[in-house]
Amino acid sequence: MYLSPEANYEKIHTEFLRGDLGEAQRDAEQARKEFTGRNRNWDIKFRLLEAEILTYQGNSPRVEQLLSDYHPTPFVAADTEIKRQLLLCLVHTRLNQATLSNRELQRAQQISRESDSALQGEVLQTAGLIAFHRDQLATASDLFQTSLQFARQHGDTFLETSDLLNLGTVSLHYEEYDEALARFEDASQIARSTGARLALELALGNAGWAYYKLGDFEKSLFDFQQAEQQAKELGSVHDQIVWATNSGLSFYRLGDLKSAEANYRRALSAAQSVNDKELIAATHMELGFLFFQRGQFDLAERQSLKALQAARAGGSQSVVVDALFLQGLLAARGESGPAATGLLMQVYRDPVTMPSRREEVENAIAKYYARIHNTRAAETWFRKSVDTFEEQRSSLKHDEMKLPFFANADSLYKDYAHFLIESHRSQEALQLLDRGRAQTLEEGLGITSHTSRVVHQRSVNAQAVARRLNATILFYALCPDQSYLWAIDGHHTRIFRLPGRSEIDSHVKNYQRAILRSGDPLRQKNEDARYLFDALVAPAAANLRNGAKVILISDGSLDELNFETLLVPSKAGLHYWIEDVTIVNTNAIRLISGLDSQNANPGGNGLLLIGDPISSGGDYPRLLNAEAEIQGIEKHFAPDHEEVVTRARAVPTAYTAGRPGDFCYIHFVAHGTASRLSPLDSAVILSAPRAHPDAFKLYARDIVQKPLHARLVTISTCYGSGLRAYAGEGLVGLSWAFLRAGAHNVIGALWEASDAATPSLMDRLYSEIQTGHPPDAALRTAKLSLIHSQSVYRKPLYWAAFQLYAGG
């Protein structure tokens, strides 16, 4: 079908704005060739359009060639020449030809001023991009803001969207993650309304980078992979390279070095194909850090040199600094002390070094001084590292951003703790690690300030806490080479060295798999259950007595392990550890420092019981035994001391619009969902109001908004404990949300609880509570009743899903 040049140009330009870069580039090239030598005006128009599309694709050499073949006449339109100069300016910036790019930008600015051009906003944006490339962040931000104002005044949604994305990227470099994510969401809203798929891809990938910097590596990986796929569909080679590299970073932080390397090599090959020196440098650098992590130091050195060479050729000072940091790490391993400290201090003082890198540099300097036994200098730098991290964390405003953020500091705290242990200061190491745990939960409960620095916070006397609670505290820290256990009772604190993290993780994973397959560990004498007891508990046997209360503060994969199921050897044979002890789980010693030994009832016996909702669809069928569970629970409370909300009345607003803070006991009998990517989207599945058929979820994010004083909240649902464990915070899901709201104890499920076994377990739980037993002892007795039943419910699959978590 024949299209006029005007209609064809509009069609291709629309394809470009929509983000269909591959199709738009092919069409623009075809149209340009059609008019070359025939119609100079349309040749220029299609040539500039093709060049702009190629710029977004990251093909700088092709853009330079395309525009070099075109020589403007004295009578060329002002906007046409401005566009040409801006495109050349961007190309020469990427090719690190600063003299040319400066000249071209100045020429575009001059013509724009003289002609009062409609491209003034684009000129401002391009100037901002040049400043950003040169790490002049404040200048770039001002230029993007001015361009944004111009775009809004003139109704240019494409320019507005790209300015918002650029401002969000500046915020990322300032490590202002709340602001960055807000900018990306604003850009996404405009892009969705205009069908601008390229902008949506950029917003998604940039949001992934924010989550990566926040320490949420699973969520960042998901966003990067989605963004890379979208970039591939849109034909943006440059973006594919960026998101492939960033996926590699996420894999690296998740411990999957094989997948990380595959992503880096794929990105490097693509960057070399378009001769993008900045991206070439970045991928060489990440390969260098990966080889360093593997202990392949010669390969790491080679990659750092390649990164440095490419970064200097590409004019990327931030990549130069990162490459120098890697060289400093390599030098710190050897005997060249002055060279190591010189490189590390050079990185530390460079103005482009952001706080997240600075804390790593401080930690590296501290470890170097610790290695050469300069303990005073080592301690100074370890403290600096932790302080730098805490300053970053204090700037975050929302729980969802704070929750994953400790993943950025887990190694910093543990390196500092290792130094203290090796300096025979294990008590101080315990206090340091405890102060780093459960910070988001603690702040929500008002126990500490949002801005107080961890190393300067008041320490809790762990032995005094254990003595008051008449308990033994087992505090774990899993580390790569060697893990640690502190066993604390009322009179002693002992430290034990345990196997490294990967060895423990492997046994936990194997044992969890056996339990979820409905195995019978006791009869099968499960080797992993025996190993885990011997490795994790047996070293502290001298601190433990039969019938003791044990308070567990776990770490890493141990968050997902029910210690009650571990197998204890004895003269009579093997038995579950629950036969010997009562176990309470918590996230930090500080959280339980205000509890009493009996976990006394805060007053009243009121019960709020919500459950047996109307099924909301095939994914959430009615729980066949929900009615029986409710009847078994409500009989333990007087009618005037309970509120029972079931069936059509069991809607989310029955909780959120009610007064849950008035009740001592709260119990849910319903399905539950756990979100791994966004744990505060975990929810209890209730009935839907007639007017809002989709509003059947009581979300964790809503639960934290309703203050509680309950002695016990029980979530008789699937995965009430959550699926996602965050460094320093433990499992985050519904149980965490109720603790965050103020509940003293929460019972939640580690896996899908059996609807058949749960009613009898809960009946016994409340029977024990009504006879005066505290929740922890009551839950243990209820579980033992199933274990000793000799029915199929004796298997851990049926009784070990539920764990008790204690808060403040």
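The values are calculated or read from the model by the stated rules, or taken from the named source; none is laboratory data. Source: prediction; values computed, not measured. Cβ atoms come from the backbone with ideal geometry, glycine included; neighbour counts cover every protein chain shown. Note: accessible area is taken over every heavy atom of the protein model, side chains too, but ligands, DNA and RNA are not part of it. Shrake-Rupley method; radii C 1.70, N 1.55, O 1.52, S 1.80 Å.
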Checklist entry - Cross-link partners among lysines for Lys783, C-alpha distance below 21 Å, same-chain residues fewer than 8 apart left out? => result Lys525, Lys549, Lys635, Lys795
Checklist outcome for this item: Given Cβ charges of +1 for Lys and Arg and -1 for Asp and Glu, the option among Ala514, Ile504, Ala548 whose Cα lies farthest towards the positive end of the dipole of the stretch 449-567 is Ala548
Item to check | Within straight-line cross-link reach of Lys277, lysines at Cα separation under 18 Å, skipping those fewer than 8 residues along the same chain | outcome: Lys306
Checklist entry - In sequence order, what are the phi-derived ³J(HN,Hα) couplings for the stretch 228-243 according to the Karplus relation 6.51 cos²θ - 1.76 cosθ + 1.60 with θ = phi - 60°, rounded to whole Hz, with x for glycine and proline? => result 5, 5, 5, 4, 4, 5, 8, x, 9, 5, 4, 5, 4, 4, 4, 6
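Rounded to the nearest 20 debye, what is the charge dipole size of the chain about its Cα centre when +1 sits on each Lys and Arg Cβ and -1 on each Asp and Glu Cβ? Provide the component values of the computation, followed by the final result.
Numbers: 84 positive and 96 negative charges, 327 e Å.
Here the chain has a charge dipole of around 1560 debye.
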Checklist outcome for this item: Summing -39500 (n - 2.57) over every DSSP H run of at least 4 in the chain, dividing by its residue total and rounding to the nearest 500, the 222 nm mean residue ellipticity is -18000 deg cm²/dmol
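Could you compute the net charge surrounding Ser616? Neighbours are other residues with a C-beta less than 9 Å from the C-beta of Ser616; K and R count +1, D and E count -1.
On the way: positive: Lys697; negative: Asp619, Asp694.
Every neighbour counted, the sum reads -1.
Rank by packing, highest mean first: peptides 272-278, 694-700, 36-42, 203-209, with packing defined as the count of other Cβ atoms within 10 Å averaged across residues.
Numbers: 272-278: 18.3, 694-700: 20.0, 36-42: 12.6, 203-209: 25.1.
Result, highest mean first: 203-209, 694-700, 272-278, 36-42.
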Item to check | Helix 21-35 axis, angle to the chain major axis (alpha carbon atoms, nearest 10°) | outcome: 10
Item to check | Residue among Val170, Gln226, Pro774 farthest towards the positive dipole end of the chain, charges placed on Cβ | outcome: Pro774
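Full-extension gain between Thr380 and Gln790, please, as 0.36 nm times their residue separation minus the C-alpha to C-alpha distance. Numbers along the way, then the final one.
On the way: separation 410, 0.36 × 410 = 147.60 nm, distance 5.87 nm.
Once the chain is fully extended between Thr380 and Gln790, it gains 141.7 nm.
With every protein chain kept in place and ligands, DNA and RNA left out, what is the accessible area per residue of the stretch 620-684? Probe 1.4 Å, answer in Å². List each step's numbers first, then the result.
Working: 2830 Å² over 65 residues.
About 44 Å² of surface per residue is accessible.
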Checklist outcome for this item: Carbon plus sulfur, as percent of the 1.4 Å-probe accessible area of the stretch 177-308, comes to 49
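Arranged from highest to lowest average of other beta-carbon atoms within 10 Å per residue, in what order do the peptides 534-544, 362-372, 567-577 appear?
Sorting 534-544, 362-372, 567-577 by mean packing, highest first, produces 362-372, 534-544, 567-577.
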Item to check | Dipole moment magnitude, nearest 20 debye, the stretch 16-93 about Cα centre, only Lys, Arg, Asp, Glu C-beta charged | outcome: 140
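What length, rounded to one decimal in nm, is gained on full extension from Gln309 through to Gln153, with 0.36 nm per residue of separation minus their alpha-carbon distance?
Working: separation 156, 0.36 × 156 = 56.16 nm, distance 4.38 nm.
Between Gln309 and Gln153, full extension yields an extra 51.8 nm.
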Item to check | Loop sites in the stretch 41-121: trypsin sites (Lys or Arg not before Pro), DSSP, at most 14 other Cβ within 10 Å | outcome: none
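Place the peptides 133-139, 332-338 in order of packing, highest mean first, counting for every residue the other Cβ atoms within 10 Å and averaging per peptide. Don't jump to the answer; show the numbers that get you there.
Working: 133-139: 15.9, 332-338: 12.6.
In descending order of packing, they fall as 133-139, 332-338.
Quick one: accessible area per residue over the stretch 166-315, 1.4 Å probe, rounded to a whole number of Å²?
Working: 5840 Å² over 150 residues.
Ligands and nucleic acids excluded, the result is 39 Å² per residue.
So what is the relative contact order for the chain, in percent, with contacts set as C-alpha pairs under 8 Å and at least six apart?
Values: 1480 pairs, mean separation 58.3, N = 808.
Taking the mean separation of contacting Cα pairs over the length of the chain, I get 7 percent.
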Checklist entry - How large, in percent, is the carbon and sulfur part of the accessible surface of the stretch 654-709 at a probe radius of 1.4 Å? => result 50
Checklist entry - What ³J(HN,Hα) values, in whole Hz, does the Karplus curve 6.51 cos²θ - 1.76 cosθ + 1.60 give for the stretch 314-326 when θ = phi - 60°, with x put for Gly and Pro? => result x, x, 9, 5, 5, 6, 4, 5, 5, 5, 5, 4, 4
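In percent, how large is the relative contact order of the stretch 213-346, given Cα pairs closer than 8 Å and 6 or more residues apart?
Numbers: 176 pairs, mean separation 20.5, N = 134.
Relative contact order, the stretch 213-346: 15 percent.
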Checklist entry - Relative to the first principal axis of the alpha-carbon coordinates of the chain, what is the inclination of helix 355-371, with its axis defined by its Cα atoms, in degrees from 0 to 90 and to the nearest 10? => result 60
Item to check | Length added when fully stretched, Ser68-Arg333, from 0.36 nm per residue minus Cα-Cα | outcome: 90.4 nm
Checklist outcome for this item: Any residue on another chain or 5+ positions along whose placed amide H is under 5 Å from the amide H of Gly19 is listed here as Arg197, Leu198
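Let me spell out the model: positive unit charges on the Cβ of Lys and Arg, negative unit charges on the Cβ of Asp and Glu, origin at the Cα centre of the stretch 270-406. What dipole size does that give, in debye rounded to 20? The partial results should precede the final answer.
Working: 17 positive and 17 negative charges, 51 e Å.
With Lys and Arg at +1 and Asp and Glu at -1, about 240 debye.
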Item to check | Dipole axis of the chain (+1 Lys, Arg; -1 Asp, Glu on Cβ), positive-most option in Gly37, Gly632, Val584 | outcome: Val584
